[in-house]
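Accompanying notes for the structure given below.
The values are calculated or read from the model by the stated rules, or taken from the named source; none is laboratory data. On a predicted model such as this, the values are computed, not experimentally measured, just so you know. Counting neighbours? That spans all protein chains shown, and the Cβs are built from the backbone with ideal geometry, glycine included. These accessible areas exclude ligands, DNA and RNA; they are computed on the full protein's heavy atoms, side chains included. Shrake-Rupley method; radii C 1.70, N 1.55, O 1.52, S 1.80 Å.
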Amino acid sequence: MGNKGIETNPGRPCPVCQERAQVNYILREKHWYCLQCDTEFDGDGVIYIYDDKGELVELITDKPKIWDQLKVGKTKRKLIFTTTA
């Protein structure tokens, strides 16, 4: 029947591989997930990196002023914030 928490093919390109067809929207997280390159990202293009245990460890973006706006909970102190050029 399908997962009601995921919308398929919303049309947003992945910021890593630029794939559109294999990008799904995760309603619960309000993030997109690219099946092509295993990347999770949000509407601002922030890429979320997880470790082997599923813990959020790094956020990557090309917008340096976005960090204060992100809601990442208690893990914020342990995260690596990377800004690309």
Subset of segment 24-40 [of a type in the set (A, V, I, L, M) and more than 22 Å from VAL57 (Cβ to Cβ)]: LEU27
In segment 44-67, residue nearest to LYS78 (Cα to Cα) [restricted to those that are without any contact (Cβ under 8 Å) to a residue 12 or more places away in the chain and not in a strand (DSSP E or B)]: ASP51
Top-ranked residue of segment 1-45 - restricted to ones that are open to solvent by 60 Å² or more (accessible area, probe 1.4 Å) and among the β-branched types (Val, Ile, Thr), ranked as modelled with the lowest pLDDT: THR8
